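As structure tokens, the structure follows; a few thoughts come after it.
Every number here is computed from the coordinates shown, using simple stated rules; none is lab data. Model, not experiment: these values are computed from the prediction. Here the Cβ positions follow ideal geometry from the backbone for every residue, glycine too, while neighbour counts run over all protein chains shown.
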Amino acid sequence: MEPYLYIDHNHTSQFELDELLNFSDVWCQKINDLSRKKESLLARLLLDKLCKKMGLRSIQECGFNKNEKGKPYFSNEPEVHLSITHSDGYVWVAVSNSAIGIDFEKVNIEAKNELEIAFNKSDWEFVSINVKTIFQYFSLKESYSKMIGTGFTTEPAKIEISLLHKNGFYTFLKSANDSYVLTLTALNFDPKDYIQSQFILSS
């Protein structure tokens, strides 16, 4: 089957909480932080939109769920793979017929040295040449770990950057005040061949 990839994103500032509560579930109900709750609810709204775009049922009817490691999946559409990421109110979702992982990180110069723990010594020597490279590869590690289904229950330093060059996509995006990196990793195809949109951040 020909691979497919659908991506959508938005910012929580575009929605009131009441507009999102129809997508609440047991995981969202456990979240006390309002910002985090809105991000999780918005992720479900975006996934619901993509489901309908693909001719599927609602995410509730698709059986939206999470496994013990937090990986989201559709229990009633097992051939459909999905991934979610959110940061600073920005929420991104990706849906494919191949295992995928998506990640979105704020490029924070002050935090760059804290990420050294996510790399082995030789990889850190390579990425630490500049802050963008650090966050690029940290985010690729995150999206890779989501793709294989472990999340960072696998220590990120054990994910060598040589694994990230195949079927990994990254792009840097700017809002009015900040810079971010968006990454996506796919198991069976090169995401660059399926990403046609120009991503623009708004808040």
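Before rounding to the nearest 500, sum -39500 (n - 2.57) across all DSSP H runs of length at least 4 in the chain and divide by the residue total; then give [θ] at 222 nm in deg cm²/dmol.
Here the helix-only value at 222 nm equals -8000 deg cm²/dmol.
Report the local net charge at Asp123: Lys and Arg +1, Asp and Glu -1, summed over other residues whose C-beta lies under 15 Å from its C-beta.
Its environment carries a net charge of -1.
Taking the chain as the reference, fit the longest principal axis to its C-alpha atoms, fit the long axis of helix 34-53 to the helix C-alpha atoms, and give the angle between the two in degrees, 0 to 90, nearest 10.
Approximately 70 degrees, to the nearest ten.
Hey, what did the chain get for relative contact order, percent, Cα under 8 Å, at least 6 apart?
21 percent
Can you list the lysines whose alpha carbon is less than 22 Å from that of Lys52, not counting same-chain residues fewer than 8 positions off?
Lys38, Lys66, Lys71
What do you get for the angle between helix 131-148 and the principal long axis of the chain? Use alpha-carbon atoms, 0 to 90 degrees, nearest ten.
Helix 131-148 and the main axis of the chain meet at about 50 degrees.
Just the Kirkwood number for the range 20-128, please: inverse of mean 1/r across all distinct Cα pairs, in Å, one decimal.
It is 15.7 Å.
Semi-axes of the equivalent ellipsoid of the range 5-193: what are they in whole Å, largest first, if each equals the square root of 5 times a C-alpha gyration tensor eigenvalue?
Gyration-tensor ellipsoid for the range 5-193: 28, 19, 15 Å.
Which value in nm describes the separation of the simple spin-label points at Ala176 and Asp33, placed 7 Å from the Cα toward the beta carbon?
2.3 nm
Where in the range 10-40 are there chymotrypsin sites (Phe, Trp or Tyr not before Pro) that are in a DSSP coil and have at most 13 other Cβ atoms within 10 angstrom of their Cβ?
Answer in residue order: no site qualifies.
Checking the cross-link filter: which aspartates and glutamates have an alpha carbon closer than 20 Å to that of Lys37, excluding same-chain neighbours under 8 positions apart?
Here the aspartates and glutamates satisfying the reach criterion relative to Lys37 are Asp8, Glu16, Asp18, Glu19, Asp25, Asp48, Glu68, Asp88, Asp103, Glu105.
Can you tell me which lysines have their Cα less than 19 Å from the Cα of Lys112? Leave out same-chain residues fewer than eight positions away.
Lys112 reaches Lys121, Lys132, Lys141, Lys158, Lys174.
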